[in-house]
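To start, the structure under review is shown below, and the notes come after it.
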Amino acid sequence: MNPIALEGLTVRYGARLALDQVSLAVPEGAVYALLGRNGAGKSSLVRCLLGEQKPTSGRALLLGRDVWSERAAILSEVGVVPEEPDAPPSMTARRLSRFCSRLYPRWDAAGIEARLKRFGVSPDTPFGKLSKGQKGQVMLSLALAGTPRLLVLDDPTLGLDAVARKAVFEELIGELADRGTTVFLTTHDLAGAERIADRVAVLSQGRVVLEEEMETLKQRFRRISFPNSRKEAVARLETLAPVAVASRGWEVEAVVSRYDEERLVREDEPEVSALTLEEIFIAVTGAAGETGP
Amino acid sequence: MAPLLRIDSRDARPIWRQIEEGVQHLVARGALPAGAVVPSVRDLARDLQVNPATVSKAYQRLTDAGVLTVRRGEGTFVAAAPPPPEARREDRLHDEAARYASVAITLGATREEALSTFETAWRSLTDGAAEGEAG
C-alpha cells in the first residue's frame, strides 16, 4: 500500500482551478519532494493531503484511507511540520510535548528532549519567544516524537539560515537512517531536495508536469550548447525533446528532456553538461509558463 | 573520510555512484588503507547531507565488489586485500582516451599530431621519475 495516493484531486476556487486532476502515489520508504513555484497549487494540495480542506472532486488517501472522512484516526500515525509553525505562544516545548503525548499512541518524550538539545532550543522557553527557525525545529521534534509512519513537511526550511537548515536536514537524515520513515515534503530548497529526495513531482498551474525518480530525471535532462555560428544545429535536437532554448552571448543553448548521446550530430560541435535539479526545475516550469493560458 | 568525499550536483553521475567511485578512488590511492574503518551509513549521510538509502546503496555495491567488508556488530571496513580493480582500470583508461581523442578531433588535430602530443605529455610526466608506474 502506498502511504500517500492522490486520485484526480481537483480544487476549484470560484472560476480559478487551483488543482487540476492531480494523481500521484508516494511509495513506502520514499523521500518524495513536491516542487512548484508560488501559486502552483502546493498549499492546496497539502491542505487536502492533511484533511484540512475538502477537494472539489477526487480524493486523497493517507495510509490507505480517505483523509477527509477519517482525518482524526489517520493523523495519529502521521507527523506534520506545517509551513507556519503554530502553537499557543505561552506554551513551552515541554508542555507542548506533554499535551501531544495524549494524542499519539507511541509518544517518544525522551526523543524530543534529545532533539531540542541538538537544535540548541530550550524546552522551557515559551513558544512565542522562539525564533522562526526554532519554532520549526520544535515542530519537527514534535512531529518525530509520534514515531510516525509518514512524515509530511511543508517547506520545513523556509526562512531558515544555513546552519538551522543543516540541523533540520540532519535530524531528518537520522530519522530516515533509523526508521526508514516515508517522507513527503514541499520545498523551495532545491539543492537540499536534490540530495535527499529519491522521487520528485513538479506542480505547475495546478497540474503535475513531471513526476519521476530523481535519478532517471537527472539522467534524461542535459544542457547542450553550440557556438552561435551553428544556430541551425538546435533544430536537429528535435528528437531529444528540447524544453527550453536560449541565446547567450556567443552561444545558443538548449535544455533537452530526452538526452541520448547517440543522436547528437558530432559535426555540430555540441557541448553537453549535466543539470542540477534547480536548473531542470527552471527549464520545466519556465516552459510551462510560456505555453500556459 | 567525509571531507575527502564530495558530492557534486552538476555531476551527471547519480549520488550513489559518486560515493561509490569516491571511496574506490580513496582506497586505490591509499587514503583509506586496508582495515580502515569507514563511517557508518548514518554518519556519512549526515556529513554529505544525503539520503541514507543512497549511502547504503553505494556501500552495498562496494561490499559486493570486495572493496569494503562488514563485520557484524563492529562496522564497515576497507577490505584487507581490495581486489585489483582491473576492469575499472581498463574502463577508465578507455574513457579518458576517448575524451582526449574527442578533444583532439574537435580541435582539428591529425592522428599523428594527437599521438605525438600525447607522447610529449607522457614523457614530461614520467621523465626523471622512477619507471615504477605499473599500478
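Is it the case that B:ARG88 is more than 14 Å from chain A (Cβ to nearest Cβ), outside any loop (DSSP other than H, G, I, E, B) and at pLDDT below 85?
For B:ARG88, the condition - more than 14 Å from chain A (Cβ to nearest Cβ), outside any loop (DSSP other than H, G, I, E, B) and at pLDDT below 85 - is met.
Restricting attention to the stretch A:179-209, which residues are more than 9 Å from chain B (Cβ to nearest Cβ), under 22 Å from A:LEU61 (Cβ atoms) and not charged (D, E, K, R)?
Within the stretch A:179-209, A:THR181, A:THR182, A:VAL183, A:PHE184, A:LEU185, A:THR186, A:VAL200, A:ALA201, A:VAL202, A:LEU203, A:GLY206, A:VAL208 qualify.
Would you check if A:VAL252 is touching a Lys or Arg at 6+ places or on another chain (Cβ under 6 Å) and surrounded by 19 or more Cβ atoms within 10 Å (Cβ to Cβ)? Working first, answer last.
Numbers: touching a Lys or Arg at 6+ places or on another chain (Cβ under 6 Å): yes; surrounded by 19 or more Cβ atoms within 10 Å (Cβ to Cβ): yes.
Yes; evaluated as a whole, the condition is true for this residue.
Go through the residues of the stretch B:1-20 one by one and say whether even a single one is within 29 Å of A:ALA191 (Cα to Cα), part of a loop (DSSP other than H, G, I, E, B), more than 14 Å from chain A (Cβ to nearest Cβ) and of a type in the set (A, V, I, L, M).
Within the stretch B:1-20, one or more residues are within 29 Å of A:ALA191 (Cα to Cα), part of a loop (DSSP other than H, G, I, E, B), more than 14 Å from chain A (Cβ to nearest Cβ) and of a type in the set (A, V, I, L, M).
Identify the single condition in (1) in a strand (DSSP E or B); (2) away from every other protein chain (no Cβ under 11 Å); (3) surrounded by 17 or more Cβ atoms within 10 Å (Cβ to Cβ) that A:GLU212 does not satisfy, given that it satisfies every other one.
(3)
Would you mind stating whether A:LEU217 is at pLDDT 90 or above, touching a Phe, Trp or Tyr at 6+ places or on another chain (Cβ under 7 Å) and either buried (at least 16 other Cβ atoms within 10 Å of the Cβ) or within 16 Å of A:GLU279 (Cβ to Cβ) (or both)?
Against the criterion (at pLDDT 90 or above, touching a Phe, Trp or Tyr at 6+ places or on another chain (Cβ under 7 Å) and either buried (at least 16 other Cβ atoms within 10 Å of the Cβ) or within 16 Å of A:GLU279 (Cβ to Cβ) (or both)), A:LEU217 does not qualify.
Here is a check on your reading of the model: is A:ALA143 touching a residue at least 60 places away in the same chain (Cβ under 8 Å) and either in a helix (DSSP H, G or I) or of a type in the set (Ser, Thr, Tyr) (or both)?
yes
Can you tell which of A:LEU217, A:LEU176, A:LEU172 is in a helix (DSSP H, G or I), touching a residue at least 60 places away in the same chain (Cβ under 8 Å), over 23 Å from B:ALA12 (Cβ atoms) and within 14 Å of chain B (Cβ to nearest Cβ)?
Just one listed residue meets the conditions, A:LEU176.
Which number in (1) under 24 Å from the mean Cα position of the chain (by Cα); (2) within 14 Å of chain B (Cβ to nearest Cβ) marks the one condition that A:PRO270 misses?
Every listed condition holds for A:PRO270 apart from (1).
Tally the residues that are surrounded by fewer than 17 Cβ atoms within 10 Å (Cβ to Cβ) and more than 9 Å from chain A (Cβ to nearest Cβ), restricting the search to the stretch B:33-42.
Going through the stretch B:33-42 one residue at a time, the tally reaches 5.
Run down B:GLN24, B:GLN60 and say which single residue is more than 9 Å from chain A (Cβ to nearest Cβ), modelled with pLDDT under 95 and in a helix (DSSP H, G or I).
B:GLN24 is the lone residue from the list that is more than 9 Å from chain A (Cβ to nearest Cβ), modelled with pLDDT under 95 and in a helix (DSSP H, G or I).
The values are calculated or read from the model by the stated rules, or taken from the named source; none is laboratory data. Just so you know, these numbers come straight off a predicted model, no measurement behind them. Ideal geometry is used to build each Cβ from the backbone, glycine not excepted, and the neighbour counts take in all protein chains shown.
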